[in-house]
Amino acid sequence: MPNSVDPLDAAPLTCAGVTTYKAVKVSGARSSDLVAIYGIGGLGHLALQYAKIAGANVAAVDVADYKLDYAKVLGAKYVFNSKIVNPVDEIQKLGGADVAIVLAANPSAFEQPFASLRENGTLVMVALPKDNVMRLPIFETVLRGIKVVGSLVGTRVDLAETFELHADGRTRVVRESRSLDQVNEAIEELQKGEVEARLVFDLR
């Protein structure tokens, strides 16, 4: 880990960072692509930044306005609250997404990204929902040339590149610190969806 990387940033980068960096990498996202990111939280706020680094335009989708607000700050070109609008319709109005990365852990958050893709688009699965099943329309997948890939964490090389990007000031970790004696309260915050992005325990 580079000496210039704050250990409190390194903790999320070693998990959420390398995971989403790899997801963007395997997606093949490139300059001028539209990347739809479903779930703007601990992982999504970093995926957004890596997609921007790849040169893509980003459409951020979430159910919380405050997450979408900081998605704008981090560079999302479009933001959609899926409780208010149908993100599939909105993204298709833009021509469809070249890539959709799924970071929200519920089955509908997989089916909507699939439907938001344009022809020859790529669906990248990262989140692991409890229900473990999604409906995948075969005709649309075949006739529209859709690619479906899974992405699990990353390699040591991916992690080194993740740290390097952060050390160069190209990414920002949205986090809050807690002391270890606040662990139970922190878990409750996570379960209630009250955490902006990542919680980090400061043991210093």
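Throughout, read-outs are computed from the coordinates displayed, never taken from laboratory work. Since we're looking at a predicted model, the values are computed, not measured. When we count neighbours, we look across all protein chains shown, and the Cβ atoms used for this are built from the backbone with ideal geometry, even at glycine.
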Roughly how big is segment 7-150's charge dipole about its Cα centre, with Cβ charges of +1 (Lys, Arg) and -1 (Asp, Glu), in debye to the nearest 20? 240
Rounded to one decimal in nm, the spacing of the 7 Å Cα→Cβ label points at Ala127 and Phe201 is 2.6
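One-quarter of the Cα convex hull surface for segment 70-204, in nm²?
Working: hull surface 43.3 nm².
If you wrap the Cα atoms of segment 70-204 in a convex hull and average its projections, you get 10.8 nm².
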With respect to the cross-link table entries Lys25/Lys72; Lys22/Lys93; Lys25/Lys147; Lys52/Lys77; Lys52/Lys83, which display a Cα-Cα separation exceeding 18 Å? Lys25/Lys72; Lys22/Lys93; Lys52/Lys83
Could I have the simple spin-label model distance between Leu190 and Ala167, label points 7 Å from Cα toward Cβ, reported in nm to one decimal? 2.8
With 0.36 nm assigned to each residue of separation and the Cα-Cα distance removed, Thr155 to Glu176 gains 4.9 nm
Size of segment 54-109 along its principal axes in angstrom, Cα-based, largest extent first? 28, 24, 19
Against the 2.2 N^0.38 Å rule of thumb, the C-alpha Rg of segment 7-150 sits at a ratio of 0.96
